[in-house]
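Derivation of every value follows stated rules applied to the coordinates shown; laboratory data play no part. These numbers were taken from a predicted model, which means no experiment stands behind them. Don't worry about glycine lacking a Cβ; one is built from the backbone with ideal geometry, like all the others, and counts go over all protein chains shown.
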Amino acid sequence: MCKDNNENTEQTDNNCRNCGSIDEEDGDTHIHCADCGIPKDTLDDDSGFVPTNPNHTSTTSGSLGSYMGPSRDRKISRLRTLNGRVIHKKPTFLDGIIEMLSKTPVGPNLHAAAVEIIKKADSKKTLGSMRHSLRFSPDSRDEAKEYRQHLFVLAALELLDDAGYETPIATMKREWNIDRYDLKKVKSRLRKSVKGQAECLSNSNTGSATARRAATLHQLSTYRDHLAEQESMATAREVFETAKEIASSMGEPIGDNDDWVFSDTTNRPVSTVAGKAFLEAMHRHGFSREGILELHGRCPVYTLDTFILKKGWEGRTDDVSEEA
């Protein structure tokens, strides 16, 4: 009897005070009467659960943009295809060339100049559409595309090399197995495309001897200024003049009317030739081994390490020098 009274009391408490109904439904914040809709009680606080995306599908890509599912409607299918093309950007032939340039052993200034040449040429005519009859024929389509991109990278660097920049083109040609006639053809096309357009090639019409002279004197002047900080300007100038004579004897076009005598020595980078001439000039002026190495530390050129070792300025034995 007592149990029946408790059940009746609980049922009476749950009745709607407005209409007497015991039916309930949950709202956003309250429990409501299912018949008249008035709030009966508040809901507990949300635990922080965040529902997953109700539209998620296994084919949804990580790209920006909306996803359109399959449909039998032809118009929707066309829109779906167009939407897929827009949200998925495939790397272009130009993107591949610039990416290759970023992986080459060139400094930031040389890289920026090469990118300028490539982009200027591509703005005139898309580089990917430039088809050349090449001597070297790779086995696959992907290898052929990569070979053409290598050609454009080296062609841009060769144009910069002609303009007086120091580039690692000799090493890269060997590593990439580039046919010289293919490179010559692509370089000619690239030169015509950027003629008068690329600021970095503003001195490309200057003769090779004039460009080499300017680059060599600039490098020797850099050594002179570093030596002036180490010793005095008067001493630095004397060494500078001697270094010019040594460089000239090596075949470098130091004087205004000098020709560039091509040899194993003069085909080396300007920084190497100037460094050898200036360090040798310091040795002739009686500088100590420590003084020569101090300047090398102020203005390091890593290709001179073997030269310094063979000169004995590192204080090593003759046997070690010969082995090096």
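Annotation: the residues 126, 167, sorted from fewest to most other C-beta atoms within 10 Å of their own C-beta, follow the order 126, 167. Distances between placed amide hydrogens fall under 5 Å for residue 24 paired with 34, all partners being 5 or more residues away or on another chain. One equal scatterer on each Cα of the stretch 93-201, no solvent, Debye formula: the resulting log10 I(q)/I(0) at q = 0.10, 0.11, 0.12, 0.15 Å⁻¹ is -0.24, -0.29, -0.35, -0.56. Here residue 310 is the anchor, and the lysines within straight C-alpha reach of less than 27 Å, apart from those fewer than 8 places off in the same chain, are 244, 276. Taking the alpha carbon gyration tensor of the stretch 208-323, multiplying each eigenvalue by 5 and rooting it gives semi-axes of 23, 18, 11 Å, largest first.
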